[in-house]
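Working notes, structure below.
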Amino acid sequence: MAGPNSLFGPIDPATDAGYVDAPPRMGFFTDTSVCIGCKACEVACKEWNAVPDDGFDLLGMSYDNSGELSANTWRHVAFIEQSAPPSEAALDVLREAERSVSTQFLGMPSSTLPGATGREDRDLRWLMMSNVCKHCTHAGCLDVCPTGALFRSEFGTVVVQEDICNGCGYCVSACPYGVIDRREGDGRAWKCTLCYDRIGEGMTPACAQACPTQSIQYGELDELRDRAAKRVEVLHQRGVPEARLYGHDPTDGVGGDGAFFLLLDEPEVYGLPPDPVVPTRDLPSMWKHAGVAALTMAAAVAVAFLGRRP
Amino acid sequence: MAEAHPVGFQWVMEAKKRGATVIHVDPRFTRTSAVADDYVPLRVGSDIAFLGGVINYILQNELDFREYVVAYTNAATIVSEDFQDTEDLGGLFSGYDEETGAYTPVSWQYQGHEEHPPSRGEGHIQRDTAAGLQQEVHGPPVPAGKNRDETLQHPRCVYQILKRHYARYTPEVVEQVCGVSQKQFQRVCDAWTTNSGRDRTTALVYSVGWTQHSVGVQYIRSGAIIQLLLGNMGRPGGGIMALRGHASIQGSTDIPTLFNLLPGYLPMPHHKQHETFEKWVDAIRHPTQKGFWNNARTYAVSLLKAYFGEFATEENDWGYNYLPRLTGDHGTYRQVLDMIDGKIKGYFLLGQNPAVGSAHGRAQRLGMANLEWLVVRDLYMIESATFWKDSPEIETGEIVTEECATEVFFMPAASHVEKEGTFTQTQRMLQWREKALDPPGDCRSELWFFYHLGRLVRERIATSTLERDRGMRNIAWSYPTSGPHNDPDASAVLKEINGYDIATSRPLSSYTELKDDGSTSCGCWIYSGVYADGVNQAARRKPGSEQSWVAPEWGWAWPANRRILYNRASADPQGVPWSEKKAYVWWDAEKGEWTGHDNPDFEKTKPPSFRPEEGAVGVAGLRGDDAFIMQGDGKGWLYAPAGLIDGPLPTHYEPAESPLRNPLYAQQANPTRKVYDRPDNQLNPAPPEAHSQVFPYVFTTSRLTEHHTAGGMSRQLAYLSELQPAMFVEVSPALAEERGLRHMGWAHVITGRAAVEARVLVTARLRPLRIDGRTIHQIWLPYHWGGSGLVTGDSANDLFGITLDPNVLIQESKVGTCDIRPGRRPTGPALLDYIADYLRRAGLDASHYAPLETPGAGE
Amino acid sequence: MGVRTWIEGWPVYRQLTGTDPLGRGHAARSARTDALTPRTQEADSVARSVCPYCAVGCGQRVFVKDGEVIQIEGDPDSPISRGRLCPKGSASKSLVTSDRRIRTVLYRRPYATDWEELDLDRAMEMIADRVVKAREETWEDKDEDGRPLNRTLGISSLGGATLDNEENYLIKKLFTALGAIQIENQARI
């Protein structure tokens, strides 16, 4: 029987899932400081994986018209427009214009922007981030899947098997990031596979291959974590103190993400949960309690039956 | 650049990673601004004032790269004493003719050349034939300047003229005209000048919205002056990069389908100027000029051999008289107005959608509705093919389907993977595409269509004895065909373009092999070498990782596979690199030749010390330090003594439509701009005319990353349409408040031509500017939408009227004035009444036209 | 399939006997998953092409199987693009394979309210007839001073800038020989 570590804390997920001599764990490092919001990742993903379109709705959330990750959007670029206090020059113009300009935040998720410092000479920031399934070390979706449709690959990634999924939807509520989703009309659950078919042959996932500025980097997770730490250092040296990593820490609530990020603001600004926890973290103790309860119930039933015997 | 050329932008990000400073100047905060080190918003249409300010800053502080400037530019050349500047004439240069609205540029010449002005005083003819375009690869034919003062002190040397011309473009004026703070302007000047010189170079990148202004060519000239003054031309990391927006738009001018050009920038003959072959050739080159254009006769004869083969002989002037003649302006906008007037019978649209993509969409559609026949070749059903049943004019009643006589053929086209051939990308590089598969159904390539159309037409005139049919009967039109559809062989056409020795059929290796005796044939002289050694050089695909950073073995760049033009300037006059770090090509004294990372753009064995004999012309007339080898004087031009219709120096004029009086000169707008004064092309009034306040806002348009031009290749695709699903308009919070516009609500933008509705995005990325004591609001729209496709909407280009740059006849479609109102626009005939009401209030009746010369200018 | 193979194919058996007792990894793999390969590997041919959208000139590899384009992606060898593509370039497969593409000739008669189909060869003949006729009706031999004009102003053309150089070359050559000068391109716009 698996130890408690299988459900929480730092582990090597492929080995834990029964792969002997598993290849190195592969993942994404998405560096939002070089993202130009072109959405090549969204399109390249859809072309390769034949993901249906997600509807033609203007959302008004800056240039984001996909809204969020969903069964039909496996890469999603968020756009956040931030106005810091205007510079003196801009203020001057505005004063002269004798108009009160209410600062507008069109991006998600809210207008409270902790840490939105920006450059002192700059009154506007436009943040962009390509979001994706995190391929958690402890993946709630996988842990709750009753059919074995979700599985852990030898690369440590989490993949839905479309030929197994029966559309029960348990995985949807188990994802702490709100990533996995059922497709309307199809019923099954869909999400990023980290291009399982491609990486098996040593190819790069479609989104990372297309990304013009290498905002999306694919590689061995250990190496990506090193690279990311160095990148943060460089940014700090270059006067970008707000640069920080997200999802890189193996001791966090999901045991670290296989897809992690360099952000320029608090995770909430990008619509990311600040402290995600895999819902199955407490499963072992729950099982223990549930077991006791079941035994008690069985005893009670037995007693009841016995008691009915004439 | 990040918006419209994201993959090219990887190199900017790469440079940034290595410490480069990225400055983005744009009216609107874009995805480029988001990652730039400094974002500089400015008023649309004020770029020359901004760049002129930088020129002034360089000159006032003597920050130019003096050794480079003296050696390689015309800074030292002395100009005619008859020249008068805009400072003296209220915004006009000397030589303005108010009758023609054009200049007689005699007084602009270098001293000593006044007797032989190259354009012989016919500025308006030059304008109508877009003669500026012929200068894409060279300056106009002028003789070398002999009178030079290399101390740059002579009051009439170019350097001093430049200094006086821009003296008033101070930081205060930049702030007043452009709305850019002095502090921010200072930062730009500092960054640009300190990052230029021996050890460092700065690149200037523009997108071709710059060309879509009534002073578009002069915008680019302004950039060129700065880059020459700072020594950034012909050097690695420097230059001016035009980010062109279509896969082979560079190719479309090199091997033009343009009314005024033949391949290789040879002019189409003009009935008066080029009556004979000799006159034509002599107009291309100046008999006493330096450089490679002096060999124009070899280019011309070889082209005619390619066109007419054995029927081009010395006796018949190489078939010159088969060529049709221009009489004036035959550009696409002239044509559309002629269509409205019923003068044109048939129209071919080849992968082009003017109903959405050209300025004044209503005029485009009304023109098409008045044709006898229209052939549309495209991948998808586009607005230009369906105007007769679903254009906006159907709704207003201006086009009635049952009364519209236009016969329309929709001929489905082959896609880029279903045919082979070359695209020329934005850095002049030809890349050959392999064919992946046959096109489906009736889809065919343009090559197939035109080859077979030509064949069918020739069948019809095969027995004609008419003189007019002789050219068509004698055209060299046999190309090998193959496959189930008899596709002509594209590589055979590329070989013809490359040129060959007629006797031996040997492909030529360079245009220097061309002859004027009829022994060589060459379809486009600047492309000669693309099939050198019988090898398709454009198909070379040596991986970038296996060759030097210049990557000379990937594709082929014209001319002669040079990746940086005028790269002789990357070394000093003695042929030594300006610095180790910026070494590119240099003189190897031991071997006695030019060498380096790229193909030297210079005669291989001409030493830096070479001085021509007195009176030498052409290539032999080039000194060993004449780096700009296509120019008539071998120099980079700070000052253009000829070749430009609207003046030798860029000067700030307001756009044709502007809410402001020109703060710098009495002359309001470009006095030589091309106008079409007609009731169906009303331009909104601009000061000093009355009623400009009816259209109080400035608007501009551009692209979104997610779409492509008129939408024919993007609004049809689900994966792109979902990313930007609706036509929208961006306004600042302040303007939203002023006009009562709600985020995500509807609004409509109104001009004298149209009212266009869109969803509103209220964003701080647009901001009002303080200009000359007034608050100016700017509005931005994407121009991708139209009535066909998965996502549809009104077309932003409907808002523009037709005013053209005089040099190249490109329309001013990046700036105009407008009103904006909340809610949707009226529909049906009520829309016409609505616009008529605006016209009435703006005083625009049928007889209205804005004078080219502003009263008070020229004094 | 033998009984033994059949049993080993049963996930629960694998789960109970293998290294993956929780059945979340190795043991959960379906036969389809085991057989997954990138479809580009099955291509019959790969053409080296160039993106048709903007003028950066990004390299593309076009994968074809059974006469269909199955994938278009960036060419890593290209020193221009290094294998990357923007959203439009990434959508190239849709551009080529979309069922919205028009694949047959369509014809609208004068005053008609809708399209009708037309045979391709017939359409070519009709267009050739119209070119010859328009040229004849609008031919100009000489100007008022007797200088040659040799032209027609009855025919216009406007080309997009996604045409190949070879195509533009033939277009200009043909129209010039026909005397049609109103030949324009996106490059003017």
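The values are calculated or read from the model by the stated rules, or taken from the named source; none is laboratory data. Keep in mind that this is a model prediction, so the values were computed, not measured. Quick reminder, even Gly has a Cβ in these numbers, built from the backbone with ideal geometry, and neighbours come from all protein chains shown.
Just a few scattered comments:
- Any hit, segment B:438-459, residues being part of a loop (DSSP other than H, G, I, E, B), at the interface with chain C (Cβ under 7 Å from one of its Cβ atoms) and more than 29 Å from C:ASP114 (Cα to Cα): no
- Verdict on A:ALA22 being among the small types (Gly, Ala, Ser), crowded, with 24+ Cβ neighbours inside 10 Å, touching a residue at least 24 places away in the same chain (Cβ under 8 Å) and within 14 Å of chain C (Cβ to nearest Cβ): no
- Looking across segment B:33-58, the residues that are over 25 Å from the mean Cα position of the chain (by Cα) and either assigned to a helix (DSSP H, G or I) or modelled with pLDDT under 95 (or both) come down to B:ALA34, B:VAL35, B:ASN56, B:TYR57, B:ILE58.
- Here segment B:511-551 is the region considered, the condition is being basic (Lys, Arg) and in a loop (DSSP other than H, G, I, E, B), and the residue that is nearest to the chain's Cα centre (by Cα) is B:ARG540.
- Helices (runs of 4 or more DSSP H) wholly inside segment A:184-294 containing at least 1 residues that are of a type in the set (S, T, N, Q): A:206-210, A:221-237
- For B:ARG43, the test of being within 11 Å of chain A (Cβ to nearest Cβ), of a type in the set (Lys, Arg) and either out of contact with any helix residue (DSSP H, G or I) (no Cβ under 9 Å at 6 or more places or on another chain) or more than 30 Å from B:VAL576 (Cα to Cα) (or both) is failed.
- Per-region count, segment A:49-70, residues of a type outside the set (S, T, N, Q), in contact (Cβ under 8 Å) with a residue 60 or more places away in the chain and either surrounded by fewer than 22 Cβ atoms within 10 Å (Cβ to Cβ) or within 11 Å of chain B (Cβ to nearest Cβ) (or both): 3
- Hey, B:TYR479 among the aromatic types (Phe, Trp, Tyr), within 11 Å of chain C (Cβ to nearest Cβ) and part of a loop (DSSP other than H, G, I, E, B) or not: yes
- Restricting attention to segment B:524-542, the residues being under 17 Å from B:PRO256 (Cα atoms) and out of contact with any Phe, Trp or Tyr (no Cβ under 6 Å at 6 or more places or on another chain) number 1.
- Residue list for segment B:382-421, filter: in a strand (DSSP E or B) and either surrounded by fewer than 20 Cβ atoms within 10 Å (Cβ to Cβ) or out of contact with any Asp or Glu (no Cβ under 6 Å at 6 or more places or on another chain) (or both): B:GLU407, B:VAL408, B:PHE409, B:PHE410, B:MET411
- Test: residue in segment B:337-347 that is closer than 22 Å to B:ILE249 by Cβ and touching a strand residue (DSSP E or B) at 6+ places or on another chain (Cβ under 7 Å): yes
- Scanning segment B:572-623 for residues that are at pLDDT 95 or above, closer than 22 Å to B:GLU67 by Cα and in contact with a helix residue (DSSP H, G or I) (Cβ under 6 Å, 6 or more places away or on another chain) gives B:PRO573, B:TYR584, B:VAL585, B:ASP601, B:PHE602.
- Residue count, segment C:118-136 (criterion: in a helix (DSSP H, G or I), more than 7 Å from chain B (Cβ to nearest Cβ) and of a type in the set (Asp, Glu)): 3
- The residues on offer are B:ALA710, B:ALA726, and the sole one that is in contact with a strand residue (DSSP E or B) (Cβ under 6 Å, 6 or more places away or on another chain), in a loop (DSSP other than H, G, I, E, B) and within 29 Å of C:LYS88 (Cα to Cα) is B:ALA726.
- Top-ranked residue in segment B:837-859 [being within 34 Å of the chain's Cα centre (by Cα) and not in a loop (DSSP other than H, G, I, E, B); ranked as farthest from B:GLN778 (Cα to Cα)]: B:LEU839
- Residue identified as in a loop (DSSP other than H, G, I, E, B) and either modelled with pLDDT of 80 or more or out of contact with any Gly (no Cβ under 9 Å at 6 or more places or on another chain) (or both) among B:GLY91, B:GLY121: B:GLY91
- Filter result (in contact with a Lys or Arg (Cβ under 6 Å, 6 or more places away or on another chain) and either within 17 Å of A:VAL43 (Cβ to Cβ) or of a type in the set (Ser, Thr, Tyr) (or both)) within segment C:86-130: C:PRO87
- Being in contact with a helix residue (DSSP H, G or I) (Cβ under 9 Å, 6 or more places away or on another chain), not in a loop (DSSP other than H, G, I, E, B) and not hydrophobic (A, V, I, L, M, F, W, C) is true of B:ASP680.
- Hits in segment B:443-472 (condition: farther than 26 Å from C:ASN185 by Cα and surrounded by fewer than 19 Cβ atoms within 10 Å (Cβ to Cβ)): B:GLU459, B:ARG460, B:ILE461, B:ALA462, B:THR463, B:SER464, B:THR465, B:LEU466, B:GLU467
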